[in-house]
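Trainee: I have a structure I would like to understand better, so I am pasting it below and will then ask my questions one at a time.
Rule-based calculations on the coordinates, nothing more; no lab input. Please read these numbers as outputs of a predicted model, since none were measured by experiment. Cβ placement follows ideal geometry from the backbone for every residue including glycine, while neighbour counts extend to all protein chains displayed.
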Amino acid sequence: MSAASSYPAWNTLHVGDNLDVLPRIPAGSVDVVYTDPPYNTGNDFAYADRFRDGSHADPYAGRHAAWTAMMRPRLQAVRAALAPHGAVFVSIDDNEAAHLRLLMDEVFGEANFLAQVVVNLNPKGRQLGRGFATSHEYVLAYARHLPSCLVDGSTTEAVDEADFPLVTPDGRRFRYLPLRNTNKKFNPVSAPTLHYPLHGDPETGRVSVTAFDGSTALTPVFGDGRPAVWRWSRPRVEERPDDLECRVIRGRSGERADIFQRDWLHREGGRRRKLRTIWLAEEIGSTDTAVAELKALVGHVFESPKPTGLVRRILSMLPPDAVVLDPFAGSGTTGHAVALANVADGGTRRCLSINSAEPTREGSNARLAGLATVADITRARLAAVADRVGGGLEVVLESPDIR
């Protein structure tokens, strides 16, 4: 790739078949992949490919086999491009979710499975057709190598200030958490070093690892009186005594003193919370908002794009200098999301988008807008993003004859 300016462009678009382009990406150079491949919706999916297999007598089995045969070598090439600490996120609907899960188990290894996220992209539900009004799709997430994976399944955006109802005189918000570990798998047998006495005074709230005037020795117990363990070690208590408080609570056998952690809303580095595996449209956007985002840049020229909020949520789990790859770039949502994320937090993410020069449908909005190929849609959007948001755009025209 040749730099078009004095700094690497945030977005690079490779125009060509991803099966030809992916092997040219240096092995291990990509931190995260997000992609929205062509879905197999029951019609013959539109993706010319030499791996397709129409030999099955069962038309359903034939379609699934053709789609899987198309995806397998591309996922294998994606895996090769990923760094050991990287991860891949793939959008999919019910038509191929089960087959994709098995295929990704095969390519990435079942042990590297991260999550199957339900994404609520159509809150009203699809009203056409028989059966239920489907309001969701999925994102399947796999690590390249789980022990090395950098994906942090938590973000600052998932934190709700309402969960921290208490306020100190100087305005800091917090909540009380029991210092006792409430998980009964952790007990004096399984974690003996965490079962020790702490000294507390419920009148003043003071807590210490050593006795002091007015203090009572307290050991952790479950609600039924059985011995438990603390969540913090002695050294950690010594480091952060001001984050602990001794309080009187009412238990099954009456009032007793116990020790609590003051869990602050904001600490150094920012509070994060684990993401749930259901992502709602009001959190990440919907198909309607995705159409509006695209329309504002280049018009309504692509059916069912993904919202940038979906990709930005994935990016929020990774460092702000991540190299991002989208081998089925479609309308260019991933590149758009990368630019928005960089502007929001000052990051230096880069996105490599790949899209083929497959012709747009005759009479479609894209064709009427002068966009002859799907790659033209991607290019038009990323050019508009570069113009309005910044970050630049490089375009590489790939030749399928060069290996």
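Trainee: If you average over every viewing direction, what projected area does the convex hull of the Cα atoms of the range 165-264 give, in nm²?
Mentor: 6.8 nm²
Trainee: Something else now. If I take all pairs of Cα atoms in the range 93-138, what percentage of them are more than 15 Å from each other?
Mentor: 54 percent
Trainee: Using modelled backbone amide H atoms (1.01 Å from N, in-plane), which distant-in-sequence or interchain residues come within less than 5 Å of VAL395's amide H?
Mentor: Result for VAL395 returns LEU13.
Trainee: May I pose another question? When you count, for each residue, the other Cβ atoms within 10 Å and take the mean per peptide, how do 250-256, 31-37 rank with the highest first?
Mentor: 31-37, 250-256
Trainee: While we're looking at this one, here's another question. Output the antiparallel fraction of DSSP beta bridges having both residues in the chain, as a percent to the nearest 5.
Mentor: Percentage antiparallel, nearest 5: 60.
Trainee: If you don't mind, another one. Where a ≥ b ≥ c are the square roots of the eigenvalues of the C-alpha gyration tensor, would you call the range 330-403 rounded, which needs a/c under 1.5, or, failing that, prolate if a/b is larger than b/c, or oblate?
Mentor: Judged from the Cα gyration tensor, the range 330-403 comes out oblate (a/c at least 1.5, b/c at or above a/b).
Trainee: Aspartates and glutamates near LYS184 by alpha-carbon distance under 15 Å, same-chain residues fewer than 8 away left out - which ones?
Mentor: The reachable aspartates and glutamates, counting only those whose Cα sits under 15 Å from LYS184, are ASP224.
Trainee: Given H placed on each backbone N at 1.01 Å, which residues far from TRP10 in sequence or on other chains put an amide H within less than 5 Å of it?
Mentor: GLY392
Trainee: Bin width 20 Å, alpha-carbon pairs only: give the P(r) of the chain as whole percents, running from 0 to the bin holding the largest distance.
Mentor: Pairs per bin, as whole percents: 23, 45, 24, 8, 0.
Trainee: Per DSSP H run of at least 4 residues, take -39500 (n - 2.57); add these up for the chain, divide by its residues and hand me the 222 nm value, nearest 500 deg cm²/dmol.
Mentor: -7500 deg cm²/dmol
Trainee: While we're on this one: For helix 97-108, what angle does its Cα long axis make with the longest principal axis of the chain, in degrees from 0 to 90 and rounded to 10?
Mentor: So the inclination is approximately 80 degrees.
Trainee: For the chain, take the longest principal axis of its alpha carbons; what is the angle in degrees between that and the long axis of helix 333-345, to the nearest 10 within 0 to 90?
Mentor: Around 40 degrees separate the two axes.
Trainee: So, one more: Could you calculate the contour length gain from SER253 to VAL189, that is, 0.36 nm times the residue separation minus the distance between their Cα atoms, to one decimal place in nm?
Mentor: 20.6 nm
Trainee: Sort the following peptides by mean Cβ neighbour count (other Cβ atoms within 10 Å, averaged over residues), highest first: 163-173, 346-356.
Mentor: 346-356, 163-173
Trainee: State to the nearest 20 debye the size of the charge dipole of the chain about its Cα centre, where the only charges are +1 on K and R beta carbons and -1 on D and E beta carbons.
Mentor: Dipole magnitude for the chain comes out near 800 debye.
Trainee: Sticking with this one: Report, ordered by chain and residue number, the aspartates and glutamates lying within cross-link reach of LYS274, taken as a straight Cα distance under 13 Å and ignoring same-chain residues fewer than 8 apart.
Mentor: ASP152, GLU157, ASP160
Trainee: Does anyone have the angle between helix 59-81 and the longest principal axis of the chain? Alpha-carbon axes, 0 to 90°, nearest 10?
Mentor: 70 degrees
Trainee: With the Cα gyration tensor of the range 305-355 in hand, give its eigenvalues times 5 under a square root as the equivalent ellipsoid semi-axes, listed largest first in whole angstrom.
Mentor: 17, 11, 9
Trainee: Once R0 is set to 41 Å, what does the formula 1/(1 + (r/R0)^6) return for the Cβ-Cβ distance between ARG276 and SER364, expressed as a FRET efficiency to the nearest 0.05?
Mentor: About 0.65, to the nearest 0.05.
Trainee: As I understand it, the dipole of the range 79-216 uses +1 on the Cβ of Lys and Arg and -1 on the Cβ of Asp and Glu, about the Cα centre. Which of VAL151, PRO178, PRO165 lies farthest toward its positive end?
Mentor: PRO178
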